[in-house]
1. What list of ³J(HN,Hα) values in whole Hz, one per residue of segment B:80-94 in order, does the Karplus curve 6.51 cos²θ - 1.76 cosθ + 1.60 (θ = phi - 60°) give from phi, with Gly and Pro shown as x?
2. Excluding ligands, DNA and RNA, what is the solvent-accessible area per residue of chain B at a probe of 1.4 Å, expressed in Å²?
3. Over segment B:10-485, what is the mean sequence separation of C-alpha contacts under 8 Å (at least six apart), divided by residue count, expressed as relative contact order in percent?
4. Normalized C-alpha radius of gyration of segment B:91-161, against 2.2 N^0.38 Å?
5. Name the aspartates and glutamates eligible as straight-distance cross-link partners of B:Lys451: C-alpha to C-alpha under 19 Å, and not fewer than 8 places from it in the same chain.
6. List the lysines whose alpha-carbon lies under 24 Å from that of B:Lys434, not counting same-chain residues fewer than 8 positions away?
7. Compute, for A:Ile162, the solvent-accessible surface of its heavy atoms (probe 1.4 Å) with the complete set of protein chains present, and express it in square angstrom to the nearest 10.
8. Quick one: order A:Val186, B:Val171 from most to least accessible surface, probe 1.4 Å.
Amino acid sequence: MIIEAVTFYILATVAVFAGVMVVASRNPVHSVLFLVLAFINVAGLFILMGAEFLGLILVVVYVGAVAVLFMFVIMMLNLDFRELRRGFLKYAPLGAAVGIVLLAEILIVLGGWSIAPEGGQRFAAAPIPDGLTNTDALGRLLYTDYIYLFQAAGLILLVAMIGAIVLTHRSREGVRRQRISDQLRVRKEERVEVRKVPTGRGI
Amino acid sequence: MSPASLPNFVPAVPEIFLAAAAMALLMLGVLQRAVAVGEQVRISRVVTWMSVLALLLAILLASAVTGTRIATFGGMFVNDGFALFFKVLALLATALSLVISMGYLERHDIARFEYAVLYLFAAVGMMMMVSANDLISLYVGLELQSLALYVVAAFQRDDSRSTEAGLKYFVLSALASGFILYGSSLVYGFTGTTNFDVIARALDGTPVLGVVFGLVFVLAGLAFKVSAAPFHMWTPDVYEGAPTPVTAFFSVAPKIAALGLLLRVVTGPFGDLVQQWQQVIWIASVLSMVIGAFAAISQRNIKRLMAYSSIGHIGYALIGLAAGSRDGLESVLIYMAIYITMNLGTFAAILCMRRSDRMVEGIDDLAGLSKSHPVLAAAFALMMFSMAGIPPLAGFFGKLYVFKAAITAEFYGLAVIGVLTSVVAAFYYLRIVKVIYFDNLTDALDRAVPKNLTFVLLGTSAAILLFFLWPDPLLASSQSAVASLLGG
């Protein structure tokens with residue numbers, strides 16, 4: 001028990017710290033690295049809760065693909081963050097005012113919230129069915145109860161893909177493509193030329 | 001290991017068909033591997049016509065499978081007469097928008113087959129929106145629709161105004177989606193469910209502050225999607241920047257779908273919170289009418305003018321919703337049906353505005369249109385008279401029904417503001433008629449009017465002109481749609 005608690009606090013502290021550093025660090029590449037750190041710690045928290053599938057998928061998808069993609073984009077675009085932050089001071093008071101108003105509103109709403117006596121049971125996590133792995137249980141839910149949303153999400157991703165291609169793809173003239181059949185059909189005579197090289201003079 | 005029983009797919013057959021058709025047409029277009037420009041135009045023409053066909057088939061399928069209210073997919077998707085009414089309107093509007101966009105795309109060298117495919121996916125999203133019976137399916141349908149819309153807004157990607165319109169719409173719309181999600185999470189937190197039927201059951205009795213809070217956020221997000229004031233800021237810029245046929249599409253189909261969704265959300269899960277949402281809708285309605293009327297006066301660009309005009313029209317439609325009565329809801333349905341007919345006709349006329357093969361968008365460019373194009377001028381003037389609400393055109397009856405509903409529900413203030421702002425709005429509609437008929441012809445527009453535009457223009461003009469002779473089909477179908485929404 002004590003080991004679990006200690007692990008939780010270590011993972012949680014590092015996750016929060018990394019989250020703050022994502023926003024606070026000046027170098028965008030460092031931000032992305034801290035983002036990776038935050039993801040890995042959150043994945044650890046998931047595994048601690050017994051949700052091993054979610055934890056691993058977080059590492060595979062977010063750390064493996066998304067964060068690395070971010071890294072590429074940031075390094076390739078060579079963004080000037082000082083330029084982006086130039087208006088910061090000008091808009092800071094307005095932003096702060098809006099934030100304070102929102103915070104006050106949220107406090108008002110949460111002030112009216114009382115936990116029902118049976119709330120402890122209602123909001124408890126659903127028990128894990130016996131003899132089912134995490135992956136199995138998630139898959140069953142996705143493909144049965146939530147099949148409609150699952151398919152709809154698939155359509156959304158398809159539209160996003162079409163959109164990216166429509167808006168950015170340009171077919172250019174004179175692109176050299178690899179034609180494997182041509183490469184295989186090439187004969188020695190077309191590519192190799194045998195010359196006599198006189199000694200000491202070159203061609 | 002008990003095999004899970006299959007959900008009932010029948011109510012969703014039109015959506016499944018349309019999604020499959022969109023993917024099939026996408027494959028058709030991709031596999032053609034068009035490199036030459038002429039080849040691209042030919043394929044895009046084929047795909048567009050087949051998309052129009054698919055949309056019409058989806059309308060037939062939707063009317064075939066709709067009977068009594070059926071919920072399926074674990075209560076997330078519902079099909080009833082109300083959904084059918086909005087699906088038919090949205091699909092028809094999408095099909096007609098595709099028809100009027102053909103010549104334009106080819107002239108601007110952006111005729112690519114993905115355009116029609118994106119329209120089809122947007123239409124699938126709209127059908128999912130009006131059939132949503134769960135906060136998550138509401139959001140998913142809305143995003144499917146919006147994502148396709150962002151792309152078509154920026155479709156003219158070499159034109160900076162079009163890409164700006166797409167980007168602006170994307171950023172602001174993402175913010176609105178954030179509002180909807182935030183509100184939904186509050187509603188979920190306070191009721192413990194996302195299903196509309198269960199929310200409705202959980203909410204009888206005294207309203208909980210948190211749910212009201214969530215409802216207001218959801219309403220704000222939806223008001224953005226129908227471009228009701230004070231969430232209308234994006235409309236003029238996006239309408240002006242997007243390619244004109246895309247603007248025509250934006251002003252009809254997504255609006256009808258989002259309004260259908262709004263009606264279902266406020267009458268279904270939040271039916272018992274009528275006191276709370278009525279105030280929000282009241283304010284949105286008044287602001288939309290006032291801004292639509294006054295901000296349009298100084299516009300010189302016809303597309304911007306149409307943007308403000310559509311904000312105003314949404315304000316009138318919301319009068320019916322604010323009234324909250326059965327008559328009120330029916331009047332919203334009638335108003336929207338008439339509105340999309342007028343708008344499609346007007347945009348077909350705007351698409352005819354070309355000079356030396358380039359589009360012109362200024363109102364002054366219409367000067368003397370009556371001398372160079374008498375038929376086009378007459379149709380344009382007819383649309384403007386109808387938008388202004390001059391009897392016996394259809395636009396008059398649309399306004400008549402919403403005002404009548406407001407007065408029966410004793411919303412006198414709303415009705416009075418509505419009448420006053422429609423007088424103001426009449427000024428800028430009639431000014432266009434004046435420019436067309438009484439200003440001197442300086443530089444004539446191109447003579448040739450494409451066949452597809454003529455077809456849409458004549459069809460909508462006839463519908464607007466002759467509506468008063470035969471209004472029964474629309475009245476009856478809106479009545480049965482509202483009856484199925486309110487449960488008998």
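1. Ordered by residue, 3J(HN,Hα) equals 8, x, 5, 4, 4, 4, 6, 5, 4, 4, 5, 5, 4, 4, 5 Hz.
2. 36 Å²
3. Reported as a whole number, the value is 15 percent.
4. Compactness ratio reported: 1.22.
5. Result set, ordered by chain and number: B:Glu106, B:Asp357.
6. Excluding near neighbours in sequence, the set is B:Lys303, B:Lys371, B:Lys399.
7. Spelled out: A:Ile162, probe radius 1.4 Å, area about 10 Å².
8. B:Val171, A:Val186
The values are calculated or read from the model by the stated rules, or taken from the named source; none is laboratory data. The structure displayed is predicted, hence computed values, not measured ones. Ideal geometry is used to build each Cβ from the backbone, glycine not excepted, and the neighbour counts take in all protein chains shown. The protein model used for the area step is the full one, side chains on, heavy atoms only, and it has no ligands, DNA or RNA in it. Shrake-Rupley method; radii C 1.70, N 1.55, O 1.52, S 1.80 Å.
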